[in-house]
Amino acid sequence: LTAVNLVGDLTTAYGANTTVTVSLTDLDGGTILIGSVTSFTFSSTQPVQVYNSPSGFTFDLDTDNWPVSTIQVTLSVVLSGNYDNPTNYVFYVTIRSLQTTLYNAPTNLLFTQTSDFTIDVHFNVSEIGQYYGLPINGEAGQFLVTSSLTLSGTTITPLGNGMYRIMIPWSNFDGQGTDFTINIGVTPSSNLYSSASIVIQFQYRPIISDLTANLYTVSTPYNMDVTIHLYFTDRDSSTGITTATISANPDILISGLHITNGDYQVILDSSTLSIGSHAINLTASAPGYDSKWVIVTIIVTQIHTDANPSTIYLEIPSGNTKVFTISWTDLDNSLPIQTAIINISHNWNGTAPVIIWTGTQYQITFETTASDSLGIYLLWFNFTKGAEYQPGYCEIQIEIRSHDTILTADSPPPTAFNAIINVTA
């Protein structure tokens, strides 16, 4: 009596052959040699072709075209001589799916805020053998992307050659932190390929921004608004940032108006700044961007002024009165300056001039008396109004003179002659 058995791994990847070793046993004792074997016959519902050494019990079953499934195979052995043929041996060969791999293309997994998450992944056969490295296409609909977050709007785009682009909108990550993990899995539609998955860890960072100014030092007269331009730029995309809020410290900001492509016109109120140099911190902030700041130095100078008299020379007869005006003007704002402190330096010992404000200028009344000494006098007017205004100066020359006179004489009127005059020759 004899028996047959099979030794070997009966699970084989699709596209590969299956190697088995036949074991024959003499149930009555003894050893069955290969020379006692007339034939080995393998039969199945699938075509079976067998390769083996004529002097051995090891066989390669040609299963490279068998489908992925479990397939029954029957082995029949015919022995010669004193041996009975063993009962047919039934065994099962399992053809499994090819092992696959899913991996991401080399990329920087650091994304800028507001940008969508995008990654390219490769789906290939990793099974050692004739299909190793084969790209697997046509499986875009078989991907599943999951996370601890609820993801919406995810798209899978086939790129060919086993590559797929996965895009997840930024809105899924906005306000959720900076570090994220997603799981990408693919279950192929064909059972020739096994499933594969990959875990991706990535980060979001604020967009790198840059803030510059057209002027870093600006000089302005006291109480005049200062206008500068700030340029807020997205360095990652080399475009202007148009959604910024401008702030100032100290808070002297009047307005920060976006003009175009990250150019902001900034108007600052210098009315609270004293004469001198002041460092102003200007900051630009926008959602999704690093806030940036620059220091602008404002040098506040005195208001430029000019004292302009209506005349620089007055000729006044002794005892008379003359009126003239002086306009003290804010040259930076083209405005008359009121409430000035006016000091007059002079060598005049007579009645002090009377000064009144007319609404646009100063009116000076200069009065003399008959007892004032005749001569030429200088009046030096000094206009001041605190440290914020430059002093204004002007000089008036006044001549006190005697009155011009005209000497006239009156003759008696002619007397009429009423008589006869005899003329003789």
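Just checking, which of Ala244, Ala248 is over 17 Å from the mean Cα position of the chain (by Cα), not assigned by TED's automatic domain parsing to the domain that holds Gln390 and not β-branched (Val, Ile, Thr)?
Answer to the check: Ala248.
Is it the case, given these coordinates, that Gln338 is assigned to a strand (DSSP E or B) and surrounded by fewer than 17 Cβ atoms within 10 Å (Cβ to Cβ)? Break it down stepwise before answering.
Working: assigned to a strand (DSSP E or B): no; surrounded by fewer than 17 Cβ atoms within 10 Å (Cβ to Cβ): yes.
No: the conditions fail for Gln338.
Residues that are within 18 Å of Ser69 (Cβ to Cβ) and not in a strand (DSSP E or B) within the range 1-53 comprise Asp9, Leu10, Tyr14, Gly15, Ala16, Asn17, Thr45, Gln46, Pro47, Val48, listed in sequence order. Residues Thr107, Thr112, Thr150: which one is outside the structural domain of Leu10 (by TED's automatic domain parsing), among the polar types (S, T, N, Q) and surrounded by 15 or more Cβ atoms within 10 Å (Cβ to Cβ)? Exactly one of Thr107, Thr112, Thr150 is outside the structural domain of Leu10 (by TED's automatic domain parsing), among the polar types (S, T, N, Q) and surrounded by 15 or more Cβ atoms within 10 Å (Cβ to Cβ), namely Thr112. Apart from one condition, Ala279 fits all of (1) touching a residue at least 24 places away in the same chain (Cβ under 8 Å); (2) surrounded by fewer than 12 Cβ atoms within 10 Å (Cβ to Cβ); the exception is (1).
With respect to (1) modelled with pLDDT of 95 or more; (2) surrounded by 13 or more Cβ atoms within 10 Å (Cβ to Cβ); (3) in a strand (DSSP E or B), the lone exception for Thr181 is condition (2). A residue that is in contact with a helix residue (DSSP H, G or I) (Cβ under 9 Å, 6 or more places away or on another chain), in contact (Cβ under 8 Å) with a residue 12 or more places away in the chain, surrounded by 12 or more Cβ atoms within 10 Å (Cβ to Cβ) and not small (Gly, Ala, Ser) occurs nowhere in the range 121-144. Within the range 324-356, being more than 17 Å from Tyr393 (Cα to Cα) and aromatic (Phe, Trp, Tyr) holds for one residue alone: Trp348. Residues in the range 184-218 that are assigned to a loop (DSSP other than H, G, I, E, B), touching a residue at least 40 places away in the same chain (Cβ under 8 Å) and within 26 Å of the chain's Cα centre (by Cα): Pro206, Ile208, Leu215, Tyr216.
The values are calculated or read from the model by the stated rules, or taken from the named source; none is laboratory data. It should be emphasised that the depicted structure is a prediction, and the values quoted were computed from it without experimental measurement. Don't worry about glycine lacking a Cβ; one is built from the backbone with ideal geometry, like all the others, and counts go over all protein chains shown.
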